[in-house]
Amino acid sequence: MVAFDDLRDRLTAHGARVRADLPLAELTTLRVGGPATVAECASTDALVATVRELDEARIPVLLIAGGSNLLISDAGFDGVVVRIANSGVEIGDGVVLAEAGANWDAVVAATVEAGFGGLECLSGIPGSAGATPVQNVGAYGVEVASLLRRVRLLDRATGEIRWVEPAELGFGYRTSVLKHSAAAVVLAVEFALRTDGSSAPLRYGELARAFDAQDGESRPAAAVRAEVLRLRAGKGMVLDSGDHDTWSAGSFFTNPVIPDSEVAAVREAIATFAGPEVAVPTYPGDGGVKFSAGWLIERAGFAKGFPGDGAPARLSTKHTLALTNRGAATANDLVTLAREVRDGVAERFGVHLEPEPVTVGVSL
Ligand code: EPU
């Protein structure tokens, strides 16, 4: 452990608010994670100075912003957690600039209220603005990569700060060069908006149907935002502290992209177990076919709410892709459930599910 008093003074001088032994469960939407020293940085200057100081001292750093995509060990983190809490938001003509720690849904809401469209399909997603490019957050047919203008990064190796264009970020389905990399810290993000107040083209079946829209038509952004919030809430995917179905990290597994050469075998396994008449939902994927992980989990025998009442960690009762903490779950409870689901799907359908959250001190 690092000498706490000396460190606290140095980080405090940079503008960080330092607390020892804070349960990280308080900082994550899954509400698990043991204790750590936390330096909360409410300004970009404090964030940059704090990370530089810790890097120079070679103290391990864990960056947390909204905490919505993290599964942290019950042992906590032996190093310093830097809480990204810079939260300024500026909306100009067709552009929004948000500091990394700004609450993502508040950013989306502010753009829609200001009369701009584009981000409304990404309403109700928990977490921070700065996290959205890291895993190329997407929902209801829109990915942040499609609207992003630039990202402001602190390069931890050189200490340099610069704006980076999307082309440099290697975006893919729920991924970018920033994911699983400690090389850079996102300081701010900037998105291009639609100035006529219309939504992004409606491409997701469930959403387009709600508006009776032909594929690719737009609707007023405010109406689309309201519908997305309604759909997400129906799946338990909007945070509500009183509802354990929302104590999750959103989708726990990404939808698997099966290479073209293996699609026939997967379809055959599905027909064998689920019957030849069932239609598995699929989507076009990069270099293959994207299958629905939620559907595969359910058909592999893990119903919504699995394993049932009283278990500390269960699948959401509204959506099989969300692993939930029913109030007293440990990280181990969640890991055990995740392994059981992953292994069951692999056994039944020969499909390997990849976890979406970043794990800290635990492995699946
Ligand atoms: N399904 C089931 N059982 C379930 C849930 C879903 O059989 O319990 C079936 C549904 O019937 C549907 C299919 O699975 O046919 C797809 O379900 P859904 O429309 O809910 O979408 P998803 O593929 O499970 C993805 C994203 C979500 C995003 C929604 C809407 C991933 C891993 N998940 O979910 O993103 O909100 O589409 O666009 O890409 C997230 O990444 O954290 C996330 C919530």
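Got at least one residue in the stretch 244-257 being touching a helix residue (DSSP H, G or I) at 6+ places or on another chain (Cβ under 8 Å), within 16 Å of the ligand (Cβ to nearest atom), at positive phi and assigned to a loop (DSSP other than H, G, I, E, B)?
No, every residue in the stretch 244-257 fails to be touching a helix residue (DSSP H, G or I) at 6+ places or on another chain (Cβ under 8 Å), within 16 Å of the ligand (Cβ to nearest atom), at positive phi and assigned to a loop (DSSP other than H, G, I, E, B).
Between residues in the stretch 36-47 that are within 19 Å of residue 188 (Cβ to Cβ) and residues that are at pLDDT 95 or above and of a type in the set (D, E, K, R), which pairs lie under 6 Å by C-beta distance while being six or more apart or on different chains?
Listed pairs, sorted by first residue: 40/17; 40/83.
Give me a count of the residues in the stretch 173-194 that are in a strand (DSSP E or B) and within 13 Å of the chain's Cα centre (by Cα).
Of the residues in that region, 1 qualify.
Quickly run through the stretch 205-254 and pick out the residues that are open to solvent by less than 50 Å² (accessible area, probe 1.4 Å), farther than 26 Å from residue 113 by Cβ and in contact (Cβ under 8 Å) with a residue 40 or more places away in the chain.
245, 247, 248, 249, 251, 252, 253, 254, listed by residue number.
So, in the stretch 163-174, exactly how many residues are of a type outside the set (A, V, I, L, M) and either within 16 Å of the ligand (Cβ to nearest atom) or closer than 15 Å to residue 131 by Cβ (or both)?
4
Within the stretch 135-162, work out how many residues are away from the ligand (no atom under 15 Å from the Cβ) and either surrounded by fewer than 18 Cβ atoms within 10 Å (Cβ to Cβ) or at pLDDT below 95 (or both).
9
Within the stretch 107-120, take every residue that is part of a helix (DSSP H, G or I) and small (Gly, Ala, Ser) and give me the one that is least open to solvent (accessible area, probe 1.4 Å).
It comes out as 109.
Quick one: how many residues across the stretch 175-204 are open to solvent by less than 40 Å² (accessible area, probe 1.4 Å), within 15 Å of the ligand (Cβ to nearest atom) and over 18 Å from residue 123 (Cβ atoms)?
2
Could you figure out which of (1) surrounded by fewer than 17 Cβ atoms within 10 Å (Cβ to Cβ); (2) within 30 Å of residue 193 (Cβ to Cβ); (3) free of Cβ contacts under 8 Å to residues at least 40 places away in the same chain isn't true of residue 6?
(2) is the only condition that residue 6 fails.
Within the group 222, 213, 208, 265, which residue is in a loop (DSSP other than H, G, I, E, B), of a type in the set (A, V, I, L, M, F, W, C) and either farther than 28 Å from residue 359 by Cα or within 12 Å of the ligand (Cβ to nearest atom) (or both)?
Being in a loop (DSSP other than H, G, I, E, B), of a type in the set (A, V, I, L, M, F, W, C) and either farther than 28 Å from residue 359 by Cα or within 12 Å of the ligand (Cβ to nearest atom) (or both) holds for just one of 222, 213, 208, 265, which is 213.
Here's a check for you: in the stretch 83-106, which residue that is among the aliphatic types (A, V, I, L, M), surrounded by fewer than 24 Cβ atoms within 10 Å (Cβ to Cβ) and closer than 30 Å to residue 36 by Cα is farthest from the chain's Cα centre (by Cα)?
So the residue we want is 89.
The values are calculated or read from the model by the stated rules, or taken from the named source; none is laboratory data. Predicted model only: the values in this text are computed from it and were never measured. Methodologically, a virtual Cβ is constructed for each residue, glycine included, from the backbone with ideal geometry; neighbour enumeration extends over all protein chains shown. Accessible surface areas use protein heavy atoms only, side chains included; no ligands, DNA or RNA. Shrake-Rupley method; radii C 1.70, N 1.55, O 1.52, S 1.80 Å.
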